[in-house]
Amino acid sequence: MRKSIFLSLFALLSFAFTADAQRCCSKKAKASCHAEKVNQTATDGETKAVLVANVTTAAEKTEKFTVYGNCGMCKRTIEGALTDVKGISVGEWDTDTDVMTVTYDEALISLDAIKQKIADVGYDTDTHRAKTAVYESLPGCCQYDRPTGK
């Protein structure tokens, strides 16, 4: 009896995990997927199982680099430049430190291309300089002190 309960519970958990992992990992722009805890208790109340899984693709990489800017409007524009870009799952810029954290799939986009997308909307990075005309079209509060020598 216990063996059949265990096998039934195992089959149920396997199915629940597979369905949940496929659902959350197929969503666009997910760096990793955390299957929810699956708790199942057998009818006799004796058997309980907990299953937690993390799934991350091997090609994903997280990098940090400097992006110059000033305010919350800069943050929206910088992060917006990476929204819906194929291969980028996380793009977050810290207004206090000017540090951009990006998680991306190296098979789909390069770090150089990511930095260029940010420069294309008017913000200098540690290696890419925005075109002067684009920088000058930014609102006054977003016109940061540009680094020299680039």
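What list do you get for C71, C142 if you sort them by fewest beta carbons within 10 Å? Mind showing how you got there, number by number?
Working: C71 13, C142 20.
Fewest to most other Cβ atoms nearby, the residues stand as C71, C142.
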Projected label distance in nm at E92 and T66, using a 7 Å step from Cα toward the beta-carbon: 2.2 nm
Take Y68, Y104, Y123 and order them by how many other Cβ atoms sit within 10 Å, fewest up front. Y68, Y104, Y123
Relative exposure of T125, T83, T66, T148, judged by other C-beta atoms within 10 Å (fewest first): T148, T83, T66, T125
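Rule-based calculations on the coordinates, nothing more; no lab input. All of these numbers come straight from a predicted model, not from anything done at the bench. So basically every Cβ, Gly included, is an ideal-geometry build from the backbone, and we count neighbours across all protein chains shown.
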